[in-house]
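K.L.:
Okay, here's the structure, questions in a sec.
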Amino acid sequence: MTIHRPGLPEDLPTGEALWARWALRAAVGATIEDEQRRSGYRTGVWIDAEGLHYDDSGCTWWTMSRMGEGRFVLYGEDESSEVKWHEPPIDMLAGGPEWLPYDELRDRLEGNELGCVYWYEHGTWARATYPDDLGDDGLDCGMIGFVDRDRAVGDLSDRIDATTDGPGADTLLAAAEAHRLEPGLLLERLRPTDPDGDPLDLPAVARALVLAGLTAPATAPDPTPS
């Protein structure tokens, strides 16, 4: 999947799909140690009460937050973004809905930390209008790993234990995108160690799945016949 430079709202999948792909990647790497670490001191991909995060501790950082039913905000910066350097200045919040986290976004703007802002509601992404001479807003370099579904499947495949039977990465991702993932099926399929060789923290993975809202709703037991 191609992301234009600068990005276009239609380059992004639905907010629900983007959230699910990002959240699943965050969940499979969750640990209790990271859960107890403040976001400002974390790197990698993770989820917390604020939302989803991606920070490579150098070139790119991003946050995606749920802002109510069917509403999401995506913001961050990649070093490829030219938005904050453009003259005349670009108002990244122009046209934004009233429910955006303006305090957070304005703090980022004042700190010269923001590269672009996208928002999603009524099934559609939007952003401020860019001038024709803007070359890039960083969306491609920052988000391609979550926007491109094949890459998301590949990342999950790398965490799957090929010695066990069960649903494959594509099936598990589809269940997450439908917010009907059964945690047990995923946990049974994951490799026992992470890419660094450390043991997987399965309870933390399960908690992250629930926090992200990717799991199937609990089913009430059938009533006992009288």
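Bear in mind these aren't lab numbers, they're just calculated from the coordinates by the rules spelled out. Fair warning: this is a prediction, and the values are worked out from it, not measured in the lab. Methodologically, a virtual Cβ is constructed for each residue, glycine included, from the backbone with ideal geometry; neighbour enumeration extends over all protein chains shown.
K.L.:
Of all trypsin sites (Lys or Arg not before Pro) in the range 1-74, which ones are in loop regions per DSSP and have a Cβ with at most 11 other Cβ atoms within 10 Å?
P.N.:
When the trypsin sites (Lys or Arg not before Pro) of the range 1-74 are filtered for loop state and at most 11 Cβ neighbours within 10 Å, R38 remain.
K.L.:
At 20 °C and a viscosity of 1.002 mPa s, what translational diffusion coefficient does Stokes-Einstein give for the range 117-226, taking Rh as the Kirkwood radius over Cα pairs? Give it in µm²/s as a whole number.
P.N.:
It comes out at roughly 126 µm²/s.
K.L.:
What is the ratio of the Cα radius of gyration of the range 1-113 to 2.2 N^0.38 Å, where N is its residue count, to two decimals?
P.N.:
Working: Rg = 14.7 Å, N = 113, 2.2 N^0.38 = 13.3 Å.
Normalised Cα radius of gyration, the range 1-113: 1.11.
K.L.:
Throw me the Rg/Rh for the range 58-155, computed over C-alpha atoms with Kirkwood Rh, two decimals.
P.N.:
0.96
K.L.:
Measure nothing but the geometry: give the 0 to 90° angle between the long axis through the Cα atoms of 202-212 and the longest principal axis through the Cα atoms of the chain, rounded to 10°.
P.N.:
Approximately 50 degrees, to the nearest ten.
K.L.:
Rounded to the nearest 20 debye, what is the charge dipole size of the chain about its Cα centre when +1 sits on each Lys and Arg Cβ and -1 on each Asp and Glu Cβ?
P.N.:
620
K.L.:
A further question follows. For D201, D103, what's the fewest-to-most ordering of other Cβ within 10 Å of each Cβ?
P.N.:
Going from sparsest to densest Cβ surroundings: D103, D201.
K.L.:
Sort out for me the Cα centre separation of the range 47-91 from the range 92-109, rounded to whole Å.
P.N.:
Taking the Cα centre of the range 92-109 as reference, the centre of the range 47-91 is 11 Å away.
K.L.:
Provide Rg and Dmax in Å for the chain, with only Cα atoms included in the calculation.
P.N.:
Gyration radius and largest Cα-Cα distance of the chain: 18.7, 76 Å.
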